[in-house]
1. Looking at the structure I just gave you, is Leu48 crowded, with 16+ Cβ neighbours inside 10 Å, at pLDDT 95 or above, out of contact with any Pro (no Cβ under 9 Å at 6 or more places or on another chain) and in a helix (DSSP H, G or I)?
2. Based on this model, can you work out whether Val68 counts as open to solvent by less than 50 Å² (accessible area, probe 1.4 Å), among the hydrophobic types (A, V, I, L, M, F, W, C) and in contact (Cβ under 8 Å) with a residue 24 or more places away in the chain?
3. So, of the residues in region 51-81 that are at pLDDT below 90 and acidic (Asp, Glu), which turns out to be farthest from the chain's Cα centre (by Cα)?
4. Somewhere in region 25-37, is a residue touching a Pro at 6+ places or on another chain (Cβ under 8 Å) and either surrounded by fewer than 14 Cβ atoms within 10 Å (Cβ to Cβ) or touching a residue at least 40 places away in the same chain (Cβ under 8 Å) (or both)?
5. Can Glu55 be described as open to solvent by 80 Å² or more (accessible area, probe 1.4 Å) and touching a strand residue (DSSP E or B) at 6+ places or on another chain (Cβ under 8 Å)?
6. So, of the residues in region 2-17 that are outside any strand (DSSP E or B) and closer than 14 Å to Phe28 by Cα, which turns out to be most open to solvent (accessible area, probe 1.4 Å)?
Amino acid sequence: MSDLYAAVVGRFYEDLGRRLVAGATGVFASAGASVEVHEVPGAFELPLAAKYCAESGRYTGVVCLGVVIRGQTDHYEHVCR
């Protein structure tokens, strides 16, 4: 039986998130591991979702996949704090 990992992905930048998931699932597959993907609204929610996955005891490990792009709003500053 292969190890099961959780991948938590922010879907705010949907296209970039899909590309990150595709890359990560490819790496897990090449290592003989399985991955279960969990979506959250954006990068801000990644740590809490990762904590839930880690504390569930179901996964060998957890990876967070998200994108934060500095733009015209202060959202970047809030997320990066």
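1. Numbers: crowded, with 16+ Cβ neighbours inside 10 Å: no; at pLDDT 95 or above: yes; out of contact with any Pro (no Cβ under 9 Å at 6 or more places or on another chain): yes; in a helix (DSSP H, G or I): yes.
No.
2. Values: open to solvent by less than 50 Å² (accessible area, probe 1.4 Å): no; among the hydrophobic types (A, V, I, L, M, F, W, C): yes; in contact (Cβ under 8 Å) with a residue 24 or more places away in the chain: yes.
No: the conditions fail for Val68.
3. This residue is Asp74.
4. Quick first cut of region 25-37, residues touching a Pro at 6+ places or on another chain (Cβ under 8 Å) only: none.
No, because not a single residue in region 25-37 is touching a Pro at 6+ places or on another chain (Cβ under 8 Å) and either surrounded by fewer than 14 Cβ atoms within 10 Å (Cβ to Cβ) or touching a residue at least 40 places away in the same chain (Cβ under 8 Å) (or both).
5. Details: open to solvent by 80 Å² or more (accessible area, probe 1.4 Å): yes; touching a strand residue (DSSP E or B) at 6+ places or on another chain (Cβ under 8 Å): no.
No: the conditions fail for Glu55.
6. Start the filter on region 2-17 by keeping residues that are outside any strand (DSSP E or B), which leaves 2-3, 11-17.
Imposing the further condition that a residue be closer than 14 Å to Phe28 by Cα reduces the set to 2-3.
Working: Ser2: 53, Asp3: 78 Å².
Ranking the candidates gives Asp3 first.
The values are calculated or read from the model by the stated rules, or taken from the named source; none is laboratory data. These numbers were taken from a predicted model, which means no experiment stands behind them. In this analysis, Cβ positions are derived from the backbone assuming ideal geometry, glycine residues included, and neighbour counts consider all displayed protein chains. Areas reflect the complete protein model, heavy atoms only, side chains present, ligands, DNA and RNA absent. Shrake-Rupley method; radii C 1.70, N 1.55, O 1.52, S 1.80 Å.
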